[in-house]
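S.K.: Mind looking over this structure? Questions follow.
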Amino acid sequence: MTDLLYTLYPWVKSFHIMAVISWMAGLFYLPRLYVYHVERAQAVDGAPKIFLEMEDKLLRVIMRPAMYATWILGLIMVFTPGIVDWQWAWPWAKGAAVIAMTWFHHWLLARRKDFAEGRNRLTGRQYRMMNEVPTVLMVVIVLAVILKF
């Protein structure tokens, strides 16, 4: 099994990076959609329904599969012997940031449900501020992995 994990490692890592890019694209874009949903959707007939559909498809078709792939491929790398040295701080920092990013994904999902049920209480400014969360987490993850502190 170890030989197979070593053989597949470059492929797993490559697909992991692609999944992360897809997931991050959604995490950056969805809060921006929420800003426009709050600030501009009421001005155009039918726009709230269009925003709901766009948000739903982004979550279901892109973000959710990318998040699952990121996690699965990341765990395969973690379980590949010799790849992660748990005595260092970097895998723990990365792990904490990935868990926070997953929480943020679910927070965004809950906000989409609020929109769908007419219960959104957040402003465009609040969504703009939350749009910075994935950026901060990305910085932590990339620095942890590259610098291996």
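Readers should treat all values here as calculations from the given coordinates under stated rules, not as data from a laboratory. Since this is a predicted model, take the numbers as computed values, not measurements. Positions of Cβ are generated from backbone atoms using ideal geometry, with glycine treated the same way; all protein chains shown enter the neighbour counts.
S.K.: For residue 113, go through the lysines and keep the ones whose alpha-carbon is under 27 Å away, minus same-chain ones fewer than eight residues off.
M.R.: 49, 57
S.K.: Work out how much length residue 110 to residue 72 would gain on full extension: take 0.36 nm times their residue separation and subtract the Cα-Cα distance, in nm to one decimal.
M.R.: The span from residue 110 to residue 72 would gain 11.4 nm if fully extended.
S.K.: Could you tell me which residue out of 25, 103, 131 lies farthest along the dipole of the chain toward its positive end? Charges go on the beta carbon: Lys and Arg +1, Asp and Glu -1, centred on the Cα centre.
M.R.: The residue sitting farthest along the positive end of the dipole is 131.
S.K.: Could you please rank 57, 13, placing first whichever residue has the fewest other Cβ atoms within 10 Å of its Cβ?
M.R.: 57, 13
S.K.: Choose one answer from 61, 35, 133: the residue with the largest mean-square fluctuation in a GNM of the chain with alpha-carbon springs under 10 Å.
M.R.: Checking each option, the largest mean-square fluctuation is seen for 61.
S.K.: Run the simple label-point estimate for residue 92 and residue 32 please: 7 Å along Cα→C-beta, distance reported in nm.
M.R.: Modelled inter-label distance: 3.6 nm.
S.K.: Using a Cα-Cα cut-off of under 18 Å, which aspartates and glutamates could be cross-linked to residue 94, ignoring same-chain neighbours fewer than 8 residues away?
M.R.: Of all the aspartates and glutamates, those that pass the test against residue 94 - Cα under 18 Å, at least 8 places apart if same chain - are 85, 132.
S.K.: Once all Cα-Cα distances of region 46-149 are split into 10 Å bins that start at 0, what whole-number percent is in each one?
M.R.: So the P(r) values, bin by bin, are 13, 38, 28, 15, 6, 0.
S.K.: Counting only other residues whose beta carbon sits under 12 Å from that of residue 29, what net charge do I get with K and R as +1, D and E as -1?
M.R.: Taking every other residue near residue 29 into account, the sum is +1.
S.K.: Could you work out how far helix 90-116 tilts from the main Cα principal axis of the chain, as a 0 to 90 degree angle to the nearest 10?
M.R.: Relative to the chain, helix 90-116 is tipped by roughly 20 degrees.
S.K.: Between residue 142 and residue 39, what FRET efficiency comes out of the Förster formula 1/(1 + (r/R0)^6) with R0 = 35 Å and r the beta carbon distance, rounded to 0.05?
M.R.: 0.65
S.K.: For residue 120, what charge total do you get from the other residues with a beta carbon under 13 Å from its beta carbon, if Lys and Arg give +1 and Asp and Glu give -1?
M.R.: +1
S.K.: Here's another thing I want to ask about it. For helix 2-40, report the angle its Cα long axis makes with the longest principal axis of the Cα atoms of the chain; keep it between 0 and 90° and round to the nearest 10°.
M.R.: Here the helix axis deviates by roughly 20 degrees.
S.K.: Between residue 4 and residue 57, what is the FRET efficiency for a Förster distance of 25 Å, r being their Cβ-Cβ separation, to the nearest 0.05?
M.R.: Efficiency, rounded to the nearest 0.05: 0.10.
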